[in-house]
Amino acid sequence: MDLAVCPNLHSIAQTEVCRWLIKRKAYEVRLEDECRRKNIQFREHVTSYVACFSDKQLLRTMIWKIRGEPEDMSEQILKDKLQDIAKKPMNDVDPDLKSLFDDIEFNMREEDATMRAADYMTACWERIDVRGAGEFLRTPDIRKRMYTSLLNQLPGKVSEYTKDAFKKKWHPVDF
């Protein structure tokens with residue numbers, strides 16, 4: 001049977017893991033679609049995370065903090081570990097907040113304001129994941145700077161009004 005093939009993971013470097021997770025998601029979507037069309041069970045044909053490692057020794061090295069053998073490890077544990085790698089700041093260097101949201105803009109052609117805001121925030125969160133800023137943005141002070149940066153992207157007077165209201169109401173403990 002000719003089905004989609006899962007890409008192999010050759011490195012646990014953050015950029016490689018991020019790229020691989022994107023390819024893995026695309027693989028799962030493609031395989032699920034193929035299985036639906038051919039009327040076969042997706043779970044029987046999906047390649048496990050462990051099987052995607054081109055080097056089992058690399059897998060063993062990656063999970064040194066996790067007890068047990070790689071072969072006995074559950075898929076969810078490995079998936080969570082890869083997600084953790086992808087979300088940590090690369091080499092413990094803080095992401096550049098000033099350029100983090102550059103070139104993300106509101107789609108002013110969208111008539112519904114709620115949809116415009118939702119699309120914008122989705123694009124921002126995707127950028128946060130891709131750039132590995134998730135862990136970094138957990139502190140209240142950094143979140144305040146991030147949201148201020150987002151408000152700077154709003155058009156004209158809307159930006160000024162929302163920034164003023166934001167400054168008056170911000171309290172990092174309650175957020």
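Okay, here's what the table says:
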item: Hz values of 3J(HN,Hα) by residue in the stretch 23-33 - Karplus curve (6.51, -1.76, 1.60), Gly and Pro given as x; result: 5, 5, 4, 4, 4, 5, 5, 5, 5, 4, 5
item: Sequence-distant residues sharing a close amide H with L9 (under 5 Å, placed H); result: F53, S54
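Read-outs throughout are calculated quantities, based only on the coordinates presented, and are distinct from any laboratory measurement. What you are looking at is a predicted structure, and each value in this text was computed from that prediction instead of being measured.
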